[in-house]
């Protein structure tokens, strides 16, 4: 309890009483008593009024700090409460759409082999290669696979495991061996990737779209023995009509170690005879593909050639220096048996010197 107002009032009372006393002492003796009583009464009334004013003045400041203190204390507490939470939902909305774990995008090109509506003969074997890019946050390991999703499977396995790890941002070529259906028509098979948790994912913004292979199977041209015997020129024309797709002799992916030889007609490595290429390292440390047994080879470019392209491409028996050949380049070749084909050079493994190549040899000369 604050005793200051009472002390102040007490002081004022004593002051007025002192003044009144002095006034009484100095008054003339012949002044009447009632007049003195009135002056004393007025003095008391004046003191009482002053005490009331003092109490009023001293009481009011105690209320003002309480009111102002409440306002000041509320102002900083309300402002952070309204502003602090607002950045939080903004941050969540920005980070929520960030790339997920398993997402894929089409490579360039996505159809490394067998573009849409490629013409095939019934029961013709072929190798489909898709190029995809890992645009997710997770590495695709060997536990991942390319898996059949819907449509026509075309004799392919239900799933094919990845050959190696594919870190985020990297591209990979997915290879699946297939066989064209026995009946003519248009056929499409849809495929997706499967992660280690057995969950399928594809391409597109939501990772839900499949990638596919689509071919046209055409009927074979039947030639009777009479036609073959009497009109050999017509037989040759019918067999190699421009509308028919060239027959593939063999295709696949190989990895060559230094000093390996390969027969491009069979893709046999280090056979006894009949090989067309050897992979060598010269004294300067250059990696070479050297044609053998009258086979010839030449660099075509960075786009996949067709049979007609390789038939007319410049080729020689001179060795190809791989250091001078960009990765993912296509080479055309002619085997010792006269068959034409192409090789897709994918690069050299630095620590082992292994060369990776995708090969396709047509049965047509």
Taking the range 280-296 only, how many residues are under 39 Å from the mean Cα position of the chain (by Cα), under 30 Å from residue 130 (Cα atoms) and touching a residue at least 40 places away in the same chain (Cβ under 8 Å)? 2
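Residue-wise test of (1) without any contact (Cβ under 8 Å) to a residue 12 or more places away in the chain; (2) out of contact with any strand residue (DSSP E or B) (no Cβ under 9 Å at 6 or more places or on another chain); (3) assigned to a loop (DSSP other than H, G, I, E, B).
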| position | (1), (2), (3) |
| --- | --- |
| 259 | no, no, yes |
| 266 | no, no, yes |
| 278 | no, no, no |
| 343 | no, no, no |
| 350 | yes, yes, yes |
Mind listing whichever residues of the range 301-337 are within 20 Å of residue 286 (Cα to Cα), free of Cβ contacts under 8 Å to residues at least 40 places away in the same chain and in a strand (DSSP E or B)? 316, 320, 321, 329, 330
Out of 153, 142, 131, report the one residue that is under 13 Å from residue 104 (Cβ atoms) and in contact with a strand residue (DSSP E or B) (Cβ under 7 Å, 6 or more places away or on another chain). 131
All positions within the range 352-363 that are under 17 Å from residue 282 (Cα atoms), under 30 Å from the mean Cα position of the chain (by Cα) and at pLDDT below 90: 355
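The values are calculated or read from the model by the stated rules, or taken from the named source; none is laboratory data. Please read these numbers as outputs of a predicted model, since none were measured by experiment. Every residue, glycine among them, receives a Cβ derived from its backbone with ideal geometry; neighbour counts consider all protein chains shown.
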